[in-house]
Structure formats: C-alpha cells, structure tokens
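Q: If you scroll down you'll find the structure; I have some questions about it.
The values are calculated or read from the model by the stated rules, or taken from the named source; none is laboratory data. A quick note: this is a predicted structure, and the numbers were derived from the prediction, not measured. Please note: Cβ atoms are built from the backbone with ideal geometry, for glycine as well, and neighbour counts cover all protein chains shown.
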Amino acid sequence: MHRLMYKLLENMEGRYIKMQLRNYQHECLSCIENSEDKKILVVLPTGTGKTIIFSHLPKIYPEARFLIIAHREELIFQTYAKMKQINPNKIIGIEKAELTTDENSSIVIGSIQTLQNKGRLKKLGKFDILIIDEAHHSTAKTYMSLIRSVRAKKVIGFTATPKRTDNVGLNAVYKNMVYKKNLIEMVNEKWLCQLKAMRIYVKWEKNVKERNGDFDNKDLAHEMSHEINNQQIAETIKKFAKKRKKIIVFAVNVAHAKLLSEYIRKSTGRKTEFIYGNMGKDKRREIINDFRNGKIEILVNCMILTEGFDEPGIDCVVMARPTRSEILYQQMIGRGTRLNKGKKNLLIIDVVGNTEQYPIKQITINDLFGDDPKYNDIKSSSSSTTNLEYDDILTDKKYVLLYNFINIFSAMIEEISNDFTLIVKSVFAFFMTVSGMLNFNKTES
C-alpha cells in the first residue's frame, strides 16, 4: 500500500501549483531567512499552512539538502505531496519502512521510527537543513539522538503547541522562537474559521485521578463510559449538530470509542464509524476516505486524529475525551478550525465532568478565549437516559454562578452542624450569587 501511494504521488511530478502565500506566511519565511540562530522554532496553529511554509524553504535555500522528519504516515505523504507541488523540479524521496531513497534526493522526507536505524540514516548522506514537523516531540530521546546524528547547519521546528505535557521546555532544543501566532489571533484575523461553543455536564461518580498532567486514562474511561453520559452526548449531537455535515468525536479509549459510536448511530440515525491506532491501516484509511467523501458523517476516534489529519470540511468537534492538557485540547479542536467553502463556523461541544463531592478542573474553550466565543450550557440530567431536557439553554455566566452556588451551598450545609461561621458564609455566598445573577441580567438586557 505504501508503494502504491508513493507511485500515485510520483505521478504529480511536473504539476507545479502556484500558491498565493498569505501575509503571515511571507512574514514567517522572512523571519526564518533573517535568523542567524542554528536551531529555531516556528509556532502556528493547526490549519494555518505550516507545511506550505516549509515547502517554500527550498526556494530560499536552493542549494541546500533538506531532511524533513515526521512521526506519522499521514504527515509524511501530505508533506511529500505539498513538496512535489511547490518544488516540481527537485528530486524528492521518502525514507519510511519499505520505501527508501538515497543521497541523490535533494529533499528527503523520513519517519522518525525508520531513521532511528543508523544504517538507514547514514546511507542518505549529509544534510544542510533539518526540518522537524510537530516539533513539540523534539525533546524525546529519539529526536534528540537524530538531531545529534544529522549535524545539520540549521534545524527548524514547526509546531502548533510549543508546550509539552511533561513540562520539558523546547528551549532544550531550540534557541529562538522566530515566529509565533496563536489561535485567537488567527481566528480574529479570519485565517481560521469562527468558533461557536456549547458545554454539557456529565455525571461522574468520583473524582478522576491526575497522571502526567492529564486525567488518568483508565479512570476517565470508566466515568465516561456510563450509559447516561454516552446517551447524553449522542442526544446533544442529534439535537444541536443535526445541520453539521462532518462531525469528529474524540473518545477516551478504544472501548469507549466503540460504545459511543453505537449510541450516536442509534440516536442520530446517521452514518457513524470509529477508528483507533491498532486498527488495520487499510481499513482505517478506507474509513477516513469515506469520511472525507461524505459517506460517513460522524467519525469517532481515540487519540488517532489529534495530529496530521487535514479535513477542512469538519464543522463540529465533540470533546468526549475531557482533558486537563491545554496542548491536547488545542490539538483536538484544531481538527476543525480550517476555513472551507460554505463553512460558517466550527461548533465545539465541550463535555465537562461533574461530581457531587469534587470540583473538576479541565480545559474548555473558555480557557483559551475567556468569555468569547458565545458559550451555551446545557443542564445535565442524571435521573434518566431518555427524554433529556435541552430546551433550557443558559448563557455561561448565569449558569456557572448558579451551578457554583448550588455546589458551595450544598457542601456547607453538610458541614454546618453548629458552626455559626459556616452559616454566615453560606448566607453570604447565597446573596453574592443572587446579586451576581441580577447584575448579569441587567448587562444582558
């Protein structure tokens, strides 16, 4: 299959497609060219054309040999296609698994897994410029070893998420961030689509432990797999995403993805499939192609489409995989932020865990944008898996004030006993909350 895809891409030779670079892409290329630092980093959100930018670098450095590193098959072939379009006269090769090239290629696109093999790397010869796509992986041992072995004159990393979940700074690799634009800037400048968001609260029986800066995956999967939660997510999609054409849903693990896809299929009556990392590549590719072509309307996945998946038509992202990681959150919503003809906005459905005893801290769209974009909250129902009430949609501030008051007041009542101080605090919390809601009503009217 790799060889067949490679042959199809090779047939693009000579088909030069002139691309009109956006102003920020020109700025970025200029910053790279003018930088005297050996190791530099570029930070741009998903969907803003990082591959297009570095595919123009051979025009700036026509005599240089390039090695481009990616860690997923989809990224490698996407990069090859873009390089062929922009640099049709260059000899471009792929070094991945059974696909191989040699030092006659002026541009080599390789997988980090294959190039861990010193023999495969050595036969490619010397390189002047090393480009690392998804550069937030650069501090991993495999990448650090490769950087040392290549000894390129210049190393350029491209990423949408300069932070890492393990808190290891990328300054361990890159000496200067030469260009940066964030998601908010790109949305405001209309290079990415407008965002619309809503949030639903789902029932968790207990607090989910934290592990490596995020929720413990086993605990999270247990809580998110409750029947009522999957039913509520499915009903939300049915009612609020019925006009959305391409919906992508992030699940916690394989079992959850399979279970949730069944609920969504049954509830919405729409063609729904799920994919996962260990699925056969041919089957996974078939499902993804069907999703691209509109044969599949809703695609559920677990940690397989967070990187390297480019489908501009996605107009709804469902975050059924709650996270405490801002990095992961941005990667997930980034799947739907690209502009596309006829696409007015991206609908983001945040799924928020809620327990009676513990406040849950997780990343939502408000952590990135504050109060914007407009945020609708849907009240959670824990009493029934059917006939969920979605008509009472409250704006974010009003709902959170009421929700916080109920939690604070209930917790205090349990502890009050004969403690007069807690009684005073409870009454004070009540009046402050009511006052806040009244003020909110005034500002809204």
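Q: Is it the case, given these coordinates, that Leu170 is among the hydrophobic types (A, V, I, L, M, F, W, C) and within 22 Å of Glu311 (Cα to Cα)?
A: no
Q: Going by what's in this entry, would Lys218 be described as farther than 23 Å from Asp133 by Cβ, without any contact (Cβ under 8 Å) to a residue 24 or more places away in the chain and over 22 Å from the mean Cα position of the chain (by Cα)?
A: Criteria not met by Lys218.
Q: So, of the residues in region 52-86 that are of a type in the set (D, E, K, R), outside any loop (DSSP other than H, G, I, E, B) and surrounded by fewer than 22 Cβ atoms within 10 Å (Cβ to Cβ), which turns out to be nearest to the chain's Cα centre (by Cα)?
A: Of everything passing the filter in region 52-86, Glu74 is nearest to the chain's Cα centre (by Cα).
Q: Can I ask one more? Only one of (1) assigned to a helix (DSSP H, G or I); (2) over 15 Å from Tyr263 (Cβ atoms); (3) within 20 Å of the chain's Cα centre (by Cα) fails for Ile237. Which number is that?
A: Just one mismatch for Ile237, condition (2).
Q: Scan region 116-160 for residues that are part of a loop (DSSP other than H, G, I, E, B), within 17 Å of Asp37 (Cβ to Cβ), at pLDDT 95 or above and in contact with a Phe, Trp or Tyr (Cβ under 8 Å, 6 or more places away or on another chain) and report the count.
A: Counting residues in region 116-160 that are part of a loop (DSSP other than H, G, I, E, B), within 17 Å of Asp37 (Cβ to Cβ), at pLDDT 95 or above and in contact with a Phe, Trp or Tyr (Cβ under 8 Å, 6 or more places away or on another chain) gives 2.
Q: Can you tell me which residues in region 176-193 are part of a loop (DSSP other than H, G, I, E, B) and of a type in the set (Lys, Arg)?
A: Lys181, Lys190 - these are the residues of region 176-193 that are part of a loop (DSSP other than H, G, I, E, B) and of a type in the set (Lys, Arg).
Q: Is it the case that Lys281 is among the basic types (Lys, Arg), assigned by TED's automatic domain parsing to the domain that holds Arg321 and at pLDDT below 95?
A: Yes; evaluated as a whole, the condition is true for this residue.
Q: Is there a residue being surrounded by fewer than 17 Cβ atoms within 10 Å (Cβ to Cβ), out of contact with any Asp or Glu (no Cβ under 9 Å at 6 or more places or on another chain), of a type in the set (A, V, I, L, M) and assigned by TED's automatic domain parsing to the domain that holds Lys238 anywhere in region 256-278?
A: no
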